[in-house]
Amino acid sequence: MSQPTVILATASYDHTIRFWEAKSGRCYRTIQYPDSQVNRMEITPDKRYLAAAGNPHIRLFDVNSNSPQPVMSYDSHTNNVMAVGFQCDGNWMYSGSEDGTVKIWDLRAPGCQREYESRAAVNTVVLHPNQTELISGDQNGNIRVWDLTANSCSCELVPEVDTAVRSLTVMWDGSLVVAANNNGTCYVWRLLRGTQTMTNFEPLHKLQAHKGYYILKCLLSPEFSEPHRYLATASSDHTVKIWNVEGFTLEKTLVGHQRWVWDCVFSVDGAYLITASSDTTARLWNMSSGEDIRVYQGHHKATIWPVNVYFSHL
């Protein structure tokens, strides 16, 4: 059977990674991941490889192969890897871990090429669209900007002392950054390019998105959803909220999951959203109607981290 052209992948604490045909909801491939749970997944820019971050390693799988074995393993972290992503050309990968470090890996060479000390468990790392700055958020509430050109920390922010920064997201054009924390609050900054090479943060908005609950993921909409700009927030209150970035007004609340919603991913055109929950399901939502149009069932423990693989127009 030929591989679907519109697919997504989910991972779970049941130690599996599942590939789904997005339109039909059919699971067509399952990879056993016996070493640990999967904390995070990300696809390479060329859509060929899937990185699965576990404890304490990162495994790279071939998306187009039926082989259950990883093609590469990255092993120098010493605790749960909570963040993973790729540079736009796919030449290097970055990661963040509960061991308190942010690491950079050259995919063309073995081993870790750079390491930055955050001094607290790292929950989230994003790459600025300029490809020269990593932004990390940690369990102690610190946000740090790592200047890859200067090879040093260029900026530190603490929006709320001792309140863990759970998720970070940057607008595709580098104009905004949003940090979500364990108090249900999103902090929004406008990003300004100064006379130096470093980015300056200008406070823009404080959003009480899910007051009294954790925000487990925040995500800004992609380039091809323009002119509409949205912020999605997934929460321990079992909902996902969609906010209009113009004024940060609530557009709609996505209701359907029965437990914590851990992650969300927009389709390329921003018309759909995939969510994943501890209720062991992933759901496909129509952004216009706010209705769920597909439920993906098959995992046996908390479903974490849906990944946009070949998620194109449906």
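The values are calculated or read from the model by the stated rules, or taken from the named source; none is laboratory data. This structure is a prediction, so every number in the text was calculated from the model and none was measured. Backbone-built Cβ (ideal geometry, glycine too); neighbour counts: all protein chains shown. For accessibility, only protein heavy atoms count, side chains too; no ligands or nucleic acids. Shrake-Rupley method; radii C 1.70, N 1.55, O 1.52, S 1.80 Å.
Based on what the data block shows, is residue 158 more than 17 Å from the chain's Cα centre (by Cα), modelled with pLDDT of 95 or more and either surrounded by fewer than 21 Cβ atoms within 10 Å (Cβ to Cβ) or within 18 Å of residue 230 (Cα to Cα) (or both)? Taking the combined requirement at face value, the residue satisfies it.
Meeting the requirement of 1 or more residues that are under 18 Å from the mean Cα position of the chain (by Cα), the strands (runs of 3 or more DSSP E) wholly within segment 220-259 are 230-235, 240-244. Would you mind telling me which numbered condition in (1) part of a strand (DSSP E or B); (2) surrounded by 15 or more Cβ atoms within 10 Å (Cβ to Cβ); (3) modelled with pLDDT of 95 or more; (4) not hydroxyl-bearing (Ser, Thr, Tyr) residue 206 fails? Tallying (1) part of a strand (DSSP E or B); (2) surrounded by 15 or more Cβ atoms within 10 Å (Cβ to Cβ); (3) modelled with pLDDT of 95 or more; (4) not hydroxyl-bearing (Ser, Thr, Tyr), residue 206 fails exactly one: (2).
Looking at 61, 19, just one residue is closer than 23 Å to residue 279 by Cα, in contact with a strand residue (DSSP E or B) (Cβ under 9 Å, 6 or more places away or on another chain), in a strand (DSSP E or B) and not hydroxyl-bearing (Ser, Thr, Tyr), and that residue is 19.
Filtering segment 31-58 to residues that are assigned to a strand (DSSP E or B) and surrounded by fewer than 19 Cβ atoms within 10 Å (Cβ to Cβ) leaves only 32. Restrict the check to segment 133-141 and report whether at least one residue is outside any strand (DSSP E or B), aliphatic (A, V, I, L, M) and either at pLDDT below 90 or open to solvent by less than 10 Å² (accessible area, probe 1.4 Å) (or both). No - not one qualifying residue is present in segment 133-141.
Criterion first (modelled with pLDDT under 90 and either out of contact with any Asp or Glu (no Cβ under 9 Å at 6 or more places or on another chain) or not aliphatic (A, V, I, L, M) (or both)) does residue 23 satisfy it? Judged against the criteria, residue 23 is a match.
Residues that are surrounded by fewer than 19 Cβ atoms within 10 Å (Cβ to Cβ) and either out of contact with any Leu (no Cβ under 7 Å at 6 or more places or on another chain) or hydroxyl-bearing (Ser, Thr, Tyr) (or both) within segment 162-182 comprise 162, 163, 172, 173, 175, listed in sequence order.
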